[in-house]
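A short worksheet on the structure shown next.
The values are calculated or read from the model by the stated rules, or taken from the named source; none is laboratory data. Source: prediction; values computed, not measured. Glycine gets a Cβ as well: all are built from the backbone with ideal geometry, and neighbour counts include every protein chain shown.
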Amino acid sequence: MLSSVLELEEFAARYTAAWCSQNPERVAAFYAPHGSLQVNDGPPAVGRAAIAEVVRSFMVAFPDLCVGLKEMRGEAGAPEYHWTLSGTNTGPGGTGRRVQISGFERWSMGSDGLIASSLGYFDATEYGRQLADGS
């Protein structure tokens, strides 16, 4: 378990760098082996391979993907990771539009210091609007 605010912030900084790496397995390594990631109330991806596939879908859609850590909120056992994602949708079938959206993940941390579950949220309507008209 991450026992201090400093440890949590360092973990979040490394997680952010993993999202910017274009290596989905690096992101998945922050999750417990049977951890889960759920985005906007969709079906959860369970296990590192499934999590890597969700991450890969964003990395493929946005080859210049950059995630920025805005802030951490909450307690060490159930923190919220607030982020901003930016990139240009130039992957296969992409619109060529640049997007910048913010959101957060509510983490449940395991005793191993890894993410046991993450519930992620972002404004899907705003995301769709930016993909469609680029503004």
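Taking the stretch 3-23 as the search range and keeping residues that are assigned to a helix (DSSP H, G or I) and among the hydroxyl-bearing types (Ser, Thr, Tyr), which one is farthest from residue 109 (Cα to Cα)?
Filtering the stretch 3-23 for residues that are assigned to a helix (DSSP H, G or I) and among the hydroxyl-bearing types (Ser, Thr, Tyr), the one farthest from residue 109 (Cα to Cα) comes out as 16.
Among the residues here, residue 100 qualifies as out of contact with any Phe, Trp or Tyr (no Cβ under 9 Å at 6 or more places or on another chain) and farther than 21 Å from residue 116 by Cβ. Residue 52 fulfils the conditions (1) outside any helix (DSSP H, G or I); (2) closer than 17 Å to residue 17 by Cβ; (3) modelled with pLDDT of 95 or more; (4) not acidic (Asp, Glu) except for a single criterion, (1). On the stretch given as the stretch 24-37, residues that are touching a residue at least 24 places away in the same chain (Cβ under 8 Å) and not in a helix (DSSP H, G or I) total 6.
Being at pLDDT below 95, within 14 Å of the chain's Cα centre (by Cα) and of a type outside the set (Ser, Thr, Tyr) narrows it down to one residue among 72, 59; which is it? If you could, list the steps in order and put the result at the bottom.
Details: 59 fails: at pLDDT below 95.
Answer to the selection: 72.
Please determine, by comparing only the residues of the stretch 108-135 that are hydroxyl-bearing (Ser, Thr, Tyr) and touching a helix residue (DSSP H, G or I) at 6+ places or on another chain (Cβ under 9 Å), which one is surrounded by the most Cβ atoms within 10 Å (Cβ to Cβ).
Filtering first and then ranking leaves 118.
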